[in-house]
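A quick write-up on the structure given underneath.
No lab work stands behind these numbers, since they all come straight from the coordinates. Nothing here was measured: the structure is a model prediction, and the numbers come from that model. Positions of Cβ are generated from backbone atoms using ideal geometry, with glycine treated the same way; all protein chains shown enter the neighbour counts.
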Amino acid sequence: MKIVFMGTPEFAVPSLYSLTVSSHKVIAVVTQPDRPRGRSKIPSPSPVKVKAQERGLKILQPVNINDEPVIRQLQDLSPECIVVVAFGQFLSNTILHLPRHRCLNIHASLLPKYRGAAPINWAIMQGETVTGVTAVVMTARMDAGEIIAQEATPLSMSENAGGLEKRLSVMGAELLIDALHLIETGKATYTQQDENGVSFAPKLKKEHGLILWAQGAQKIHNLVRGLTPSPGAYAYLIKNDSKERVRILIQNTQFHDMSKTKSPLTPGMICEITPCGIHVATLDGIICITQLQPEGKRVMDAQEYIRGHRITAGDMFVS
């Protein structure tokens with residue numbers, strides 16, 4: 001099958017690679033324009049562009065995929081299917097109906113749950129114990145098309161968004177090849193999504209990462225997992241001997257039982273410094289911060305930060 005592949009981040013790379021080593025022919029790769037990255041702000045290619053260059057594929061980088069000249073290029077390519085994996089632009093109806101086999105999207109959730117831009121993050125933040133990937137026909141409504149294939153996987157309470165993204169990217173690549181085989185052989189079934197089960201995963205904003213210490217320990221732990229390694233959950237540290245608020249990204253946490261505590265603790269208060277890290281009180285338990293990142297600096301173990309900043313019991317994390 002002749003395929004145009006559209007994708008941009010690292011999540012899409014396994015799917016592109018799987019296509020290039022399959023029986024299908026990738027006739028072009030469409031990815032976002034080079035963007036300034038890192039402290040140098042030098043324009044850099046997307047991970048998908050890098051992989052496409054390695055494989056010697058034709059590359060298109062439109063600012064707007066729906067511009068008429070771009071659509072004409074796609075029409076001239078005459079793809080039998082357009083595969084979309086985390087591309088980052090909305091497709092017009094003209095493009096959605098251009099290929100004979102329509103546009104196929106690999107989405108990192110068990111649709112109809114978590115439609116939207118950040119399904120991996122939101123599944124973890126909401127405490128899901130099962131997630132997965134879905135091959136879905138694209139429509140004008142975001143992630144609302146017919147499901148061709150789906151695969152679930154357990155989600156542990158210690159897995160963060162970075163680790164889950166790597167796992168689901170590989171699962172998505174495998175599911176993509178399976179779905180294309182079903183389409184090509186005429187064996188695909190097209191299942192309407194149950195609108196009663198719809199939930200959404202909107203694009204993450206800075207305010208989503210603010211830790212509210214008056215919430216339960218489980219909810220805070222899930223927030224940290226869901227936003228690690230980026231964009232990061234954060235709070236502000238205020239030391240007893242200073243009124244300065246220092247913004248800290250919290251990169252890893254562990255649970256600790258609060259049932260043996262003789263008296264209630266103030267949420268956000270550092271109650272103990274241990275070999276594990278920094279014990280912070282929540283509404284119903286204690287979170288141990290084991291990794292953190294001061295703003296503008298590198299990620300470090302909690303003990304390393306403690307040695308350099310004289311953190312003590314009674315200091316406060318605030319929202």
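Before moving on, here are some points about what is shown:
- The chain, dipole about Cα centre (Lys/Arg Cβ +1, Asp/Glu Cβ -1), debye to the nearest 20: 800 debye
- Counting all C-alpha pairs of the chain, share separated by more than 26 Å (%): 53 percent
- Percentage relative contact order, the chain, counting C-alpha pairs under 8 Å, at least six apart: 13 percent
- Orientation-averaged projection of region 125-208 equals 6.8 nm² [convex hull of Cα atoms, one quarter of hull surface area].
- Charge dipole of region 133-202 (Cα centre as origin; +1 on each Lys and Arg Cβ, -1 on each Asp and Glu Cβ, all else neutral): 80 debye, rounded to the nearest 20.
- The chain, helix-only ellipticity at 222 nm - DSSP H runs n ≥ 4, -39,500 (n - 2.57), divided by all residues, nearest 500: -7000 deg cm²/dmol
- Remark: region 205-284 carries a charge dipole of roughly 200 debye about the Cα centre, counting +1 on each Lys and Arg Cβ and -1 on each Asp and Glu Cβ.
- Relative packing of peptides 230-243, 196-209, 109-122, 17-30 - highest average C-beta neighbours within 10 Å first: 109-122, 17-30, 230-243, 196-209
- Proximal charge balance of K297 [Cβ under 15 Å; K/R count +1, D/E count -1]: +1
- Principal semi-axes of the equivalent ellipsoid, √(5λ) from the alpha carbon gyration tensor of region 54-150, are 27, 14, 13 Å from largest down.
- At least 15 Å along the helix axis (C-alpha) and Kyte average at least -0.5, DSSP helices within the chain: 161-184
- Lys/Arg +1, Asp/Glu -1 at C-beta; the chain dipole; positive extreme among I95, P69, I238: I238
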